[in-house]
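The structure appears right after this line, and notes come after that.
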């Protein structure tokens, strides 16, 4: 696109009171943003109400600055990265997203733009996952990526971040991060390095103009793109009231597959997944389950446990504390009753298991074993 065309798209996006639905009606009637802004008032009034038409005839106050920033951003792509402004009429615009009820007018994209046309699945979940939930997200994403599937998520803390990390480790499928800010910003700040790795080896996508801060209203809007880009959404862990369930609901409304990993009946983070399963979401236990449900022919590599599996001692015998712990969160008093160990010995063993990565310490003085088995 040349500067004038970029400016016309940005003007359409930035015009107050003219939302995406109205903008799409204008484009359907007139063909291009340039045609919209050169059309007579009477023509615009045949498509939109008077109030919206009046807004179209004004220049947005920040248009010039946004145009300068966008042109500079497109021209300033680091070596090895692509930057693109992908509009509704662009052949690179993802077909799956175009089929949804509310596709964004344009997408800012940085990284491997070709990932937008690859087979993909969303992986979403709690911002405060259990240690097991985080490991599940990373392992599923890695296995799916190794099978050539692109993993889409929202760059949030918790499950999202683990899904991106796993997909990058899988390498073949890669990952797409749909963010709720302008692409010149990273939120949350803790994912600064992860975002840069995704820009290098995956793809960052946003419908928001450069400079857009992390406004709370933008993240639910972002969720419809996460769901819309993919054939299905896998929920790893989620509370009953959560953004992840919003994404799952949007996926259902779009006619896409919804899958969920079950968890402990005692874990609040599992209740959202259990609710989805009751509503008809596919219960999955392995990445192969995901591939089969989505009717993808690739065979995902098995998700392995640690080198010794559940054997924390490495001698073929399961550790007494791990055996007594089971797979649900449990307190130290209950473990003491199950094992017969005193508080000092049990505390020391729990610390050893925690340091070895076999056990995670949870809020409320609870412990939970970590591992896929």
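Listed here are the residues, each with its yes/no results for (1) in contact with a strand residue (DSSP E or B) (Cβ under 9 Å, 6 or more places away or on another chain); (2) not in a helix (DSSP H, G or I); (3) not assigned by TED's automatic domain parsing to the domain that holds residue 180.
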| residue | (1), (2), (3) |
| --- | --- |
| 11 | no, no, yes |
| 17 | no, yes, yes |
| 26 | no, no, yes |
| 67 | no, no, yes |
| 86 | yes, yes, yes |
| 93 | yes, yes, yes |
| 97 | yes, no, yes |
| 116 | yes, no, no |
What are the residue pairs meeting all of these: first residue in region 239-257, first residue touching a residue at least 40 places away in the same chain (Cβ under 8 Å), second residue assigned to a loop (DSSP other than H, G, I, E, B), Cβ atoms under 6 Å, and 6 or more apart or on different chains? 244/125; 244/238; 254/100
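Among the residues of region 101-108, is there at least one that is surrounded by fewer than 17 Cβ atoms within 10 Å (Cβ to Cβ), within 24 Å of the chain's Cα centre (by Cα) and either within 15 Å of residue 225 (Cα to Cα) or not assigned by TED's automatic domain parsing to the domain that holds residue 173 (or both)? Outline the logic, then answer.
From region 101-108, those surrounded by fewer than 17 Cβ atoms within 10 Å (Cβ to Cβ) are 101-102; that's our starting set.
This time we only want the ones that are within 24 Å of the chain's Cα centre (by Cα), so: 101-102.
Subsequent filtering for residues that are either within 15 Å of residue 225 (Cα to Cα) or not assigned by TED's automatic domain parsing to the domain that holds residue 173 (or both) retains 101-102.
For region 101-108, residues surrounded by fewer than 17 Cβ atoms within 10 Å (Cβ to Cβ), within 24 Å of the chain's Cα centre (by Cα) and either within 15 Å of residue 225 (Cα to Cα) or not assigned by TED's automatic domain parsing to the domain that holds residue 173 (or both): present.
Here is a yes/no grid of residues against (1) farther than 30 Å from residue 120 by Cβ; (2) touching a helix residue (DSSP H, G or I) at 6+ places or on another chain (Cβ under 6 Å); (3) in contact (Cβ under 8 Å) with a residue 12 or more places away in the chain:
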position: 38; (1), (2), (3): yes, no, no
position: 43; (1), (2), (3): yes, no, yes
position: 55; (1), (2), (3): yes, no, yes
position: 68; (1), (2), (3): yes, no, no
position: 79; (1), (2), (3): no, no, no
position: 83; (1), (2), (3): no, yes, yes
position: 94; (1), (2), (3): no, yes, yes
With respect to the numbered conditions (1) crowded, with 24+ Cβ neighbours inside 10 Å; (2) touching a strand residue (DSSP E or B) at 6+ places or on another chain (Cβ under 6 Å); (3) at pLDDT 95 or above, which one is the sole condition not fulfilled by residue 244? (3)
Being assigned by TED's automatic domain parsing to the domain that holds residue 229 and modelled with pLDDT of 95 or more: is that true of residue 266 here? no
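Which of the residues belonging to region 26-43 are loosely packed, with under 14 Cβ neighbours inside 10 Å and over 15 Å from residue 57 (Cα atoms)?
Passing the criteria: 28, 31.
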Just one of (1) farther than 30 Å from residue 330 by Cα; (2) not in a loop (DSSP other than H, G, I, E, B) trips up residue 211, so point out which. (2)
Could you say which residue among 228, 255, 180, 211 is in contact with a strand residue (DSSP E or B) (Cβ under 8 Å, 6 or more places away or on another chain) and in the same structural domain as residue 140 (by TED's automatic domain parsing)? 180
Considering residues that are closer than 12 Å to residue 120 by Cβ and at pLDDT below 95, the number found within region 152-184 is 2
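The values are calculated or read from the model by the stated rules, or taken from the named source; none is laboratory data. None of the values given here were measured: they were computed from a predicted structure. Reconstructed Cβ throughout: ideal geometry from the backbone, glycine too, with neighbour counts over all protein chains shown.
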